[in-house]
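Shown next, in structure tokens, is the structure this report addresses.
Only the coordinates and a few stated rules stand behind these numbers; no lab work does. Since the model is a prediction, treat every value here as computed from it, not as a measurement. Here the Cβ positions follow ideal geometry from the backbone for every residue, glycine too, while neighbour counts run over all protein chains shown.
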């Protein structure tokens, strides 16, 4: 290999190393698809966010405990445990692009998929989370979809697209979830 080829290889490696590793790609979903596809939909407040090593000590996962204010779908109980890959333990961190982020005290509406007997994951990664933002008097509430670094693809054409999820009042979001569940084909063991 010539000096020129070595230089080009090192330059290319340096340039590629400087690019962000946010290459998550996923199919875009709409609100009714989120509601129908979820095992549970809850409105609640994040109580705890804690990262830990997985049982095999090979990866980091983050536990998110959400105190349930209202179950819009399913019967998840008074609180739910959401487990997500990635997080930080001590000086070691693992990042998974495209996931929803959570902060203790944050009010949220989340679309969840069962992950074992007592745990869930957020449906469609960040697309399955809405943050509830209230006005100064705490009465009016706006549900804002989580923004995502992921590249969204149209489920039919598989071409890049924008998210169809838009901010709604909390009441509008809940009404849209209930409407989607009323029009969904009945599934064995499911009650809207």
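With contacts taken as Cα pairs under 8 Å and at least 6 residues apart, the stretch 22-183 reaches a relative contact order of 27 percent. Most tightly packed first, judged by the mean number of other beta-carbon atoms within 10 Å of their residues, the peptides 133-141, 114-122, 58-66 read 58-66, 114-122, 133-141.
The stretch 144-158 and the stretch 163-184 have Cα centres separated by 18 Å.
The simple spin-label model puts a point 7 Å past each Cα toward its Cβ; for residue 52 and residue 89 those points are separated by 0.9 nm. Modelled label positions at residue 179 and residue 81, each set 7 Å beyond Cα in the direction of Cβ, lie 3.7 nm from each other.
Where does the stretch 22-183 land on Rg(C-alpha)/(2.2 N^0.38 Å)?
Values: Rg = 15.7 Å, N = 162, 2.2 N^0.38 = 15.2 Å.
So the Cα radius of gyration is 1.03 times the expected 2.2 N^0.38 Å.
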